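The block underneath contains the structure these notes are about, expressed in structure tokens.
The values are calculated or read from the model by the stated rules, or taken from the named source; none is laboratory data. No experiment lies behind these values; they were computed from the predicted model shown. For neighbour counting, all protein chains shown are included, and Cβ atoms are generated from backbone atoms with ideal geometry for every residue, glycine included. Heads up: the accessible areas ignore ligands, DNA and RNA and are worked out on the full protein's heavy atoms, side chains in. Shrake-Rupley method; radii C 1.70, N 1.55, O 1.52, S 1.80 Å.
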Amino acid sequence: MRQTNDASFSGAARLGMLGTFLLFLSPQACLAPVVANGKDVYVAAGHAPVAYWLTVIHSNDMESHLVNAGEGLEQFGGIDRFVGCVRRIEKEAESAVRGRHGLIKVSSGDNFLASAQFNQSLTHGVPYYDAVGQSYVEYDAVAFGNHEFDLGPDVLADYIRSFAHLRSNPPWLGANLDFSGERELELWVKRGTICRSVVVTKGGEEIGIIGATTPQLPYISSPRRVRVNVDVTGAVQRQINLMRSRGVNKIVLISHLQNILNEIALAPTLDGIDIIVAGGGHELLANPGDLLIPGDEAHVFGGYPVQAKDAAGRPVLIVTARQYYWYVGRLIAGFDANGEIVRYDQRSGPVRVAGPGNPDSVKPDQRVRREVVDPVNDGLAQLDATVVAVSDVALDGLRESIRARETNEGDLVVDSLLQAARRLAPRYGAPNPDVALVNGGAMRNATVIPAGDITELDTWNILPFPGFVCVVDRVPAAQFKEILENSVSQVELLAGRFAQIAGFKMVYDAAGTAQVLDADNNVVVAGTRIQQATLDDGRVLVSGGQVVAGAPDVVVAATTYMVQGGDQYPFRTLPYVNLGEANQQSLDTYLTVNLSGRVSGAQYPLGGVGRIVRLN
């Protein structure tokens, strides 16, 4: 294994911030025609013979879902079955692929996530349970996602340290990341564990692997002094050029750009990339006949793989593997003697991780079950046995709901933050807040909690991140409108910045101009989506899309993540007071004390109470 880490970090931003035009690019615009022939699909003209087959086993967005796929889907997913599924695919590759071949295993980031399950790892200490399980996969390379930084660089350093004495210790790749400002992570750079790219030899051929991370990292996570080069094209191309100068002509990019449309748009800006493994978007690529997790039929983004062209017109195959240890991605790509992809095997696609009772049932790895799944399960069982409230209405925390519209779970969470801020503000000499905001991305349970018991585990699943309640004094009405414009600026992308609100009502026009901010969260393009904002006491801040003359300043309760610029919330340099209570604690207290252990459907109806109205 040869690591490369000697590329320049600076460079003009050819690709820039992966702007909005990339996010709305139609994937069909990049697709090349395909021709099926037996078990192969041709992707290049001339039908050149295959000189080498490469199997790419890939995963992304595992996000500490170690146990299974959740309520009702217990017979799917889980890291123990995932490892068993990887082993089965490896054996099939050894016996089924024709001619010279090799196999690599890669992850495109979000290898863990702040959550009730990862909290079991934090309680256990190094080595973290997630790392123990992933060490049995024996990845050849791992990319950095955004969630690796959610708990800060120190926890990430401990996560990487977890692998040092485990079964495998993969290189972590970030071509556009600079770790020199973080001592613990920089030590891993000097040791060669963190690098920009790596070259591995498989089946007698050298395979180059490059990593890249979203330029939005500073806004959606907590990288502290880790710097991000927004010129993704330039950073990746330098690694491609370096590899090609050394004779490496089979090159794979493992990237975490938050949405596969970004990888589709990136491909034609690169010269010499063959395969891109995308992460961060949770998209499902599948073909007719592929076995899917029940309910996933509605989530198919497109066929597997997506085909594109690089800057020189050569074929590029783009893949991703959904999320949560639910699928193992398998791409079987055929290269000609010049190192160009000419076809792929039709057995390529998502391999469902299924348990007993399914035709594709896989035997779980018993070591992973014993060392990871069982202890995590035990810890979760203790949390799940602690009932904190009873609800007579289901609570909607689905990702597509909480990031797009008002929901009753969102109302419950933001009410808990507002009440916590009002309870704690006098203790810290802070003003009493008028309103509260919580970004939808802070709520992670991604499900509808049925009516009935709400447990301590539920509160952890809803609010896993280590943010704290805080108060921002005297936010000018004009800046508050900018804050609201930010919350709806990417609603069509289901971005985590969409806010659940309390203490006021707002109306927004989804057809209006989306606000655009620069790297310092200053307005570059003014938004026109917010049409109305009225405080619960009747004071009007915005009317007809304009800030009302003489509108008052607003005292805002929010999370530390938001006021520090997370999700590009433009609080900028406004001072704030950290009230020292974690978001999950606030929810727990609100349920048990303020609501006396009962959530009423009259107070929290499923579709919300009309705080947010969307036009168009």
Item to check | Which numbered condition L151 fails, given (1) farther than 21 Å from N445 by Cβ; (2) open to solvent by 20 Å² or more (accessible area, probe 1.4 Å) | outcome: (1)
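Suppose we filter region 589-616 for residues that are surrounded by fewer than 21 Cβ atoms within 10 Å (Cβ to Cβ), in contact (Cβ under 8 Å) with a residue 40 or more places away in the chain and more than 15 Å from Q500 (Cβ to Cβ); how many remain?
Selection size over region 589-616: 9.
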Next on the checklist: Looking only at region 105-131, count every residue that is buried (at least 20 other Cβ atoms within 10 Å of the Cβ) and in a helix (DSSP H, G or I) and tell me the total.
Outcome noted: 8
Checklist outcome for this item: The condition from (1) out of contact with any Leu (no Cβ under 8 Å at 6 or more places or on another chain); (2) surrounded by fewer than 21 Cβ atoms within 10 Å (Cβ to Cβ) that E406 misses is numbered (2)
Checklist outcome for this item: For strands (runs of 3 or more DSSP E) lying entirely in region 197-296, having 1 or more residues that are within 27 Å of A69 (Cβ to Cβ) and open to solvent by less than 20 Å² (accessible area, probe 1.4 Å) picks out 205-213, 251-256, 275-279
Next on the checklist: Taking the criterion of being over 27 Å from A420 (Cβ atoms) and touching a strand residue (DSSP E or B) at 6+ places or on another chain (Cβ under 9 Å), would at least one residue in region 555-564 satisfy it?
Outcome noted: no
Next on the checklist: Could you tell me how many of the residues in region 385-401 are surrounded by fewer than 24 Cβ atoms within 10 Å (Cβ to Cβ), in contact with a helix residue (DSSP H, G or I) (Cβ under 7 Å, 6 or more places away or on another chain) and assigned to a loop (DSSP other than H, G, I, E, B)?
Outcome noted: 2
Checklist outcome for this item: Cβ pairs under 8 Å, 6+ apart or interchain, first in region 338-349 and among the hydroxyl-bearing types (S, T, Y), second open to solvent by less than 70 Å² (accessible area, probe 1.4 Å) and in a loop (DSSP other than H, G, I, E, B), ordered by first then second residue, are Y344/V43; Y344/P305; S348/Y304; S348/P305
Checklist entry - Residue check: is A404 hydrophobic (A, V, I, L, M, F, W, C), part of a loop (DSSP other than H, G, I, E, B) and under 27 Å from C85 (Cα atoms)? => result no
Checklist entry - Which members of region 132-159 meet the condition of being outside any loop (DSSP other than H, G, I, E, B) and over 20 Å from F465 (Cβ atoms)? => result V132, G133, Q134, S135, A141, V142, A143
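Counting only residues that are part of a loop (DSSP other than H, G, I, E, B) and of a type in the set (A, V, I, L, M), which one in region 335-380 is surrounded by the most Cβ atoms within 10 Å (Cβ to Cβ)?
Within region 335-380, the match that is surrounded by the most Cβ atoms within 10 Å (Cβ to Cβ) is V353.
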Checklist entry - From the residues in region 86-104 that are touching an Asp or Glu at 6+ places or on another chain (Cβ under 9 Å) and either open to solvent by less than 10 Å² (accessible area, probe 1.4 Å) or among the acidic types (D, E) (or both), which one is nearest to P223 (Cα to Cα)? => result I104
Item to check | Candidates A93, A45, A36 - the one that is among the aliphatic types (A, V, I, L, M), outside any loop (DSSP other than H, G, I, E, B), farther than 29 Å from G174 by Cβ and at pLDDT below 95 | outcome: A36
Item to check | Contacts under 7 angstrom Cβ, first residue in region 293-317 being polar (S, T, N, Q), partner open to solvent by 20 Å² or more (accessible area, probe 1.4 Å) and part of a loop (DSSP other than H, G, I, E, B), 6 or more apart | outcome: Q307/L31; Q307/V34
Checklist entry - In this structure, does M62 turn out to be within 30 Å of D178 (Cα to Cα), modelled with pLDDT of 95 or more and outside any strand (DSSP E or B)? => result yes
Checklist entry - Out of region 55-82, which residues are within 18 Å of the chain's Cα centre (by Cα) and open to solvent by 30 Å² or more (accessible area, probe 1.4 Å)? => result H65
Checklist entry - Among the numbered criteria (1) touching a residue at least 60 places away in the same chain (Cβ under 8 Å); (2) within 21 Å of V475 (Cα to Cα); (3) out of contact with any strand residue (DSSP E or B) (no Cβ under 8 Å at 6 or more places or on another chain), which single criterion is violated by D434? => result (3)
Next on the checklist: I'd like the residue in region 573-599 that is out of contact with any helix residue (DSSP H, G or I) (no Cβ under 8 Å at 6 or more places or on another chain) and modelled with pLDDT of 95 or more and, out of all such residues, is farthest from L395 (Cα to Cα).
Outcome noted: V593
Next on the checklist: Tally up the residues in region 416-442 that are open to solvent by less than 10 Å² (accessible area, probe 1.4 Å) and either of a type in the set (K, R) or assigned to a loop (DSSP other than H, G, I, E, B) (or both), please.
Outcome noted: 1
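Does V413 meet the test of being within 19 Å of A533 (Cα to Cα) and either without any contact (Cβ under 8 Å) to a residue 12 or more places away in the chain or open to solvent by less than 10 Å² (accessible area, probe 1.4 Å) (or both)?
no
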Next on the checklist: Filter region 581-606 down to the residues that are under 29 Å from the mean Cα position of the chain (by Cα) and part of a helix (DSSP H, G or I) and list them by number.
Outcome noted: N583, Q584, Q585, S586, L587, D588, T589, Y590, L591
Checklist outcome for this item: Per the list (1) out of contact with any helix residue (DSSP H, G or I) (no Cβ under 7 Å at 6 or more places or on another chain); (2) within 30 Å of Q382 (Cβ to Cβ); (3) not aromatic (F, W, Y), residue check on P127 breaks on (1)
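Considering only residues that are of a type in the set (S, T, N, Q) and open to solvent by 30 Å² or more (accessible area, probe 1.4 Å), look in region 576-588 and name the one that is farthest from A477 (Cα to Cα). Before you say what the answer is, go through the steps one by one.
Let us first name the residues in region 576-588 that are of a type in the set (S, T, N, Q), namely 578, 583-586.
Pick out the ones that are also open to solvent by 30 Å² or more (accessible area, probe 1.4 Å) and you get 578, 585.
Details: N578: 22, Q585: 30 Å.
Taking the candidates together, the pick is Q585.
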Next on the checklist: Restricting to region 160-191, give me the number of residues that are open to solvent by 10 Å² or more (accessible area, probe 1.4 Å) and either small (G, A, S) or part of a strand (DSSP E or B) (or both).
Outcome noted: 5
Checklist entry - What are the residue pairs meeting all of these: first residue in region 228-252, first residue in contact (Cβ under 8 Å) with a residue 12 or more places away in the chain, second residue of a type in the set (F, W, Y) and open to solvent by less than 10 Å² (accessible area, probe 1.4 Å), Cβ atoms under 8 Å, and 6 or more apart or on different chains? => result K250/Y52; K250/F335
Checklist entry - Taking region 545-575, which residues are open to solvent by 60 Å² or more (accessible area, probe 1.4 Å) and assigned to a loop (DSSP other than H, G, I, E, B)? => result A549, G550, D553, Q564, R572, T573, P575
